[in-house]
Amino acid sequence: MASAVSAPPRSRAPRSGIRGGEALAGWLFTAPVIVILGVFLLVPVLMALWVSFSDWSGRGSPLSGNVGFVGLENYAAITVDGGLPTRDFGTALRNNAWYVLLVVPLQTALSLFLAVLVNRAILRGRGVFRTAFYFPSVTASVAITVLWLFLFSASGVVNEILSWVGINGPNWFQDPSGILHNALGAVGVTSGPAFLTENDFLGLSWWNWLAGPSVAMTAFIFMAVFTTSGTFMLLFIAALQNIGGDIQEAAMMDGANAWQRFWRVTLPQLRPTLFTVLTLGLIGCWQVFDQIYTGTQGGPGKTTLTPAYLSYSSAFLDQDWGQGAAIAFILFGIIVLFTILQRWVLRERPVSKRRARQYQPRRPAPTGGGDAQ
């Protein structure tokens, strides 16, 4: 009986000197960027985190021995104490939450619609339309805000156009009333039920949380949709041009109409771009600052106050640096939470067994009959 001959053990090949040199060269090339990000990004973030747990007054170094550790006092002052900082933070969150809830869906839907429109081969002058739609995105936000203050003033162009159809437009940036409360007031509902008015969160009753964005904040919502849709339109155009025409032709051969082709074929292939657009939109909306700083500074009646502007005013205007830093890190946590939630919602889902069986070929039914006698 022949004995089995075992193969000699393979010796592990030593790491190539060329590959090691490539790794070293890669680290050398990236080292300047790592150092710059560490010095100008990571170190300031860590110092701001320390400030949020300290009683730093803004004078001297926050790392000096005169600065004391106060733990979670700054975070408690804006979340659970119930005083003015808590009410201001609740108001800012309320305003920004309505801003996000309206701006993100509107700008995403509008940018996708514009992308589909200008991507059509039968449209003449597509380059002109792309430039026109994208132009507001490259204009300075301060200039757009000043223009918006003029357009939405009491005697501005917007109210003039509304007067043509018999509508007496509001004094947009001076009206603190919520649009949902105004709509309910139009049908005779001027106060909420007891379970909404008697219970509160962050110093605001639930009835105030449901007031909707103020008239002033609504003007900022229009501006955000107007200025950001062009940028996201370009992202959707790039994604649409990467979709092969053979897939659309196959859907047409199967009898799918235009809406079915868009909903069942085009939109699922835009999932990565849709995630990018929604993520950038969420981050940008929760960080809105320069429009508020240039336009209203949180007025009227703090109805355009946002967490980003509240963090600035607490630190630089009120000299309460600990609370300003705490607001910034709470805002950072909110953005991370919403990004993770959005990623979970838009994740790739496995095909269910029931749907998979619909695409499996059916086996022919067995023919009956016994053996011939």
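The values are calculated or read from the model by the stated rules, or taken from the named source; none is laboratory data. Here the structure is a predicted model, which means the values were calculated and not measured. With ideal geometry, Cβ positions are generated from the backbone for all residues, glycine too; neighbour counts draw on all protein chains shown.
Observations
- Val158 touching a Leu at 6+ places or on another chain (Cβ under 6 Å) and either assigned to a helix (DSSP H, G or I) or in contact (Cβ under 8 Å) with a residue 60 or more places away in the chain (or both): yes
Every residue, every condition in (1) of a type in the set (Val, Ile, Thr); (2) exposed (fewer than 10 other Cβ atoms within 10 Å of the Cβ); (3) at pLDDT 90 or above; (4) in a loop (DSSP other than H, G, I, E, B), yes or no:
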site: Ser3; (1), (2), (3), (4): no, yes, no, yes
site: Pro8; (1), (2), (3), (4): no, yes, no, yes
site: Glu22; (1), (2), (3), (4): no, no, no, no
site: Val33; (1), (2), (3), (4): yes, yes, yes, no
site: Leu49; (1), (2), (3), (4): no, no, yes, no
site: Asn66; (1), (2), (3), (4): no, no, no, yes
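- When Gly370, Gly299 are screened for being outside the structural domain of Pro272 (by TED's automatic domain parsing), modelled with pLDDT under 95 and at negative phi, only Gly370 passes.
- When Phe316 is tested against the conditions (1) in a helix (DSSP H, G or I); (2) in contact (Cβ under 8 Å) with a residue 40 or more places away in the chain; (3) more than 25 Å from the chain's Cα centre (by Cα), the lone failure is (2).
- Count of residues meeting criterion [of a type outside the set (D, E, K, R), in a helix (DSSP H, G or I) and more than 30 Å from Leu101 (Cβ to Cβ)] in the stretch 240-249: 4
- 2 or more residues surrounded by 16 or more Cβ atoms within 10 Å (Cβ to Cβ): qualifying helices (runs of 4 or more DSSP H) within the stretch 250-300: 271-286, 290-295
- Condition check for Arg261: among the charged types (D, E, K, R), in contact (Cβ under 8 Å) with a residue 60 or more places away in the chain and under 16 Å from Phe113 (Cα atoms): no
- Some residue of the stretch 155-172 being closer than 28 Å to Arg87 by Cα, touching a helix residue (DSSP H, G or I) at 6+ places or on another chain (Cβ under 7 Å) and either in the same structural domain as Thr131 (by TED's automatic domain parsing) or among the β-branched types (Val, Ile, Thr) (or both): yes
- Some residue of the stretch 173-191 being in contact with a helix residue (DSSP H, G or I) (Cβ under 9 Å, 6 or more places away or on another chain) and without any contact (Cβ under 8 Å) to a residue 12 or more places away in the chain: yes
- Within the option set Tyr99, Tyr134, being in a helix (DSSP H, G or I), within 30 Å of Leu274 (Cα to Cα) and in contact with a Gly (Cβ under 8 Å, 6 or more places away or on another chain) holds for one residue only, Tyr134.
- Hey, Val351 closer than 30 Å to Gly68 by Cα, at pLDDT below 95, surrounded by fewer than 20 Cβ atoms within 10 Å (Cβ to Cβ) and among the β-branched types (Val, Ile, Thr) or not: no
- Single condition Ile243 does not satisfy, out of (1) aliphatic (A, V, I, L, M); (2) surrounded by fewer than 17 Cβ atoms within 10 Å (Cβ to Cβ); (3) within 19 Å of Leu114 (Cα to Cα); (4) at pLDDT 90 or above: (4)
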